[in-house]
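Here is the structure we will look at, set down as structure tokens.
The values are calculated or read from the model by the stated rules, or taken from the named source; none is laboratory data. Fair warning: this is a prediction, and the values are worked out from it, not measured in the lab. Virtual Cβ from ideal backbone geometry, glycine too; neighbours counted across all protein chains shown. Heads up: the accessible areas ignore ligands, DNA and RNA and are worked out on the full protein's heavy atoms, side chains in. Shrake-Rupley method; radii C 1.70, N 1.55, O 1.52, S 1.80 Å.
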Amino acid sequence: MKAVTIEKPGADFRVVERPVLDPGPGQVRLKVAACGVCHSDQFVKEGQWPGVQYPRVTGHEVAGVVDALGAGVEGWAVGDRVGVGWHGDNCGVCEACRRGLFALCARLQITGFAFDGGYQQYMVTSVKGLARIPDALSFAEAGPLLCAGVTTYNSLRHTDAMPGDLVAVLGVGGLGHLAIQFARHSGFHVVAVSRGKDKVELALRLGAHRYLDTDTVNAAEELNKMGGAKVIVATAPSGKAISALVDGLGLNGTLLTIAGSFEPMAVSPVQLITNQRSLKGWSSGSSKDSEDTMNFCALTGIRPMIEEFALEDAAKGYERMISNKVRFRAVLVSR
């Protein structure tokens with residue numbers, strides 16, 4: 001089979017031939033049909049994640065079919081349409097997993113980090129991380145939902161926002177274009193916030209009731225004129241842009257950050273005390289959460305906007321993603 005490897009931290013992607021492996025006990029082998037290219041893949045590509053063993057095949061937005069079953073696997077069959085996300089080997093039973101606190105799970109095995117991920121034609125993975133893909137979704141559509149999708153959907157549904165509440169989405173990109181759709185179909189009053197007039201038409205088409213261009217208006221002031229946001233979902237990894245929106249939160253409002261960034265935010269205690277505001281972060285979800293996300297998309301018609309690349313063109317897809325040129329999720333497909 002073909003696989004795209006990272007031989008060492010910072011190395012270029014390399015297309016190689018590898019033997020197809022058999023699954024062990026409690027494992028399945030997938031025939032990979034598609035794998036999303038996520039911004040988090042840079043942690044493996046550039047050696048920014050401790051404990052990664054090289055060479056490594058990354059990729060944690062994996063969609064395909066079950067190709068072989070390991071010993072002791074029950075409830076799954078060859079040919080099943082399945083996906084594997086970020087938490088490919090979460091136990092699903094410990095307190096950390098049940099509460100969504102996956103970073104605290106000592107047994108967590110991250111797909112494409114602790115074991116080889118989806119930048120290959122066949123992949124062996126634990127049965128614990130499998131999520132069923134509904135027939136309404138193509139494999140290429142399902143891939144990004146296993147990370148970007150579940151992160152936005154799962155974070156929103158765990159807030160205190162109720163239908164009719166004002167929910168603002170900062171950023172109209174890989175995460176933001178999904179967050180807008182999820183928020184609209186959840187019954188929220190949705191306001192998209194970003195820079196530039198060029199995003200107005202897209203934001204409204206995705207479901208935003210209003211668009212705020214931070215180049216021309218003070219978004220926090222505009223949100224306050226509308227009564228203040230119950231939730232602000234920050235999908236843009238800019239500490240400065242996120243900090244500028246804190247004052248747009250209403251009573252008991254929550255600023256929800258889901259885009260990974262090391263850039264600090266500037267928030268004063270007075271800003272939080274005022275209106276009893278809070279800050280919260282969220283990361284991904286379990287395989288069950290991924291199933292919920294995909295089923296919600298199948299029912300509502302929500303789809304990620306994707307650009308497809310052949311597996312052999314992984315370097316091109318990654319470059320489009322890392323340079324923010326892709327609209328909006330890059331997906332590798334096996335022909």
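Checking each residue in the stretch 276-298 for being outside any strand (DSSP E or B), surrounded by fewer than 16 Cβ atoms within 10 Å (Cβ to Cβ) and free of Cβ contacts under 8 Å to residues at least 60 places away in the same chain picks out only Gln276. Kindly evaluate Arg320 against the criterion of being open to solvent by 40 Å² or more (accessible area, probe 1.4 Å) and either closer than 19 Å to Val16 by Cα or not in a helix (DSSP H, G or I) (or both). The answer is no for Arg320.
Out of curiosity, is Gly117 modelled with pLDDT of 95 or more and part of a strand (DSSP E or B)? No. Scanning the stretch 224-245 for residues being under 19 Å from His177 (Cα atoms) and part of a loop (DSSP other than H, G, I, E, B) gives a total of 5. Sub-6 Å Cβ pairs linking a first residue in the stretch 129-152 that is more than 20 Å from Thr235 (Cβ to Cβ) to a second residue that is surrounded by fewer than 24 Cβ atoms within 10 Å (Cβ to Cβ) and of a type in the set (Lys, Arg), at least 6 apart or interchain, are Ile133/Arg81, ordered by first then second residue. With respect to the conditions (1) surrounded by 16 or more Cβ atoms within 10 Å (Cβ to Cβ); (2) farther than 30 Å from Val84 by Cα, Leu251 falls short on a single one, namely (1).
Looking across the stretch 262-275, the residues that are of a type outside the set (Phe, Trp, Tyr) and either in a loop (DSSP other than H, G, I, E, B) or touching a helix residue (DSSP H, G or I) at 6+ places or on another chain (Cβ under 6 Å) (or both) come down to Glu263, Pro264, Met265, Ala266, Val267, Ser268, Gln271.
Checked against the criterion of being touching a Phe, Trp or Tyr at 6+ places or on another chain (Cβ under 9 Å), over 16 Å from Leu311 (Cβ atoms) and either surrounded by 21 or more Cβ atoms within 10 Å (Cβ to Cβ) or in contact (Cβ under 8 Å) with a residue 24 or more places away in the chain (or both), the candidates Trp76, Trp49 yield just one match: Trp49. Number of residues in the stretch 200-223 that are out of contact with any helix residue (DSSP H, G or I) (no Cβ under 9 Å at 6 or more places or on another chain) and outside any loop (DSSP other than H, G, I, E, B) equals 4. In this structure, Glu307 qualifies as open to solvent by 30 Å² or more (accessible area, probe 1.4 Å), at negative phi and not in a loop (DSSP other than H, G, I, E, B). Being in contact with a strand residue (DSSP E or B) (Cβ under 8 Å, 6 or more places away or on another chain), among the small types (Gly, Ala, Ser) and either open to solvent by 30 Å² or more (accessible area, probe 1.4 Å) or free of Cβ contacts under 8 Å to residues at least 24 places away in the same chain (or both) holds for only one residue in Ala219, Ala208, Ala229, Ala241, and it is Ala241.
Counting only helices (runs of 4 or more DSSP H) that sit completely within the stretch 132-185, those holding 1 or more residues that are open to solvent by 10 Å² or more (accessible area, probe 1.4 Å) and touching a Phe, Trp or Tyr at 6+ places or on another chain (Cβ under 7 Å) correspond to 150-157. Counting only residues that are among the polar types (S, T, N, Q) and either modelled with pLDDT under 95 or more than 21 Å from Met162 (Cβ to Cβ) (or both), the stretch 177-208 holds 1 of them. Only one entry in Glu61, Glu74 is within 20 Å of Ser286 (Cα to Cα) and more than 23 Å from the chain's Cα centre (by Cα), namely Glu74. Residues in the stretch 173-187 that are in contact with a strand residue (DSSP E or B) (Cβ under 7 Å, 6 or more places away or on another chain) and touching a residue at least 40 places away in the same chain (Cβ under 8 Å): Gly174, Gly176, Ala179, Ala183. Restricting attention to the stretch 1-34, the residues being part of a strand (DSSP E or B) and under 14 Å from Glu312 (Cα atoms) number 13.
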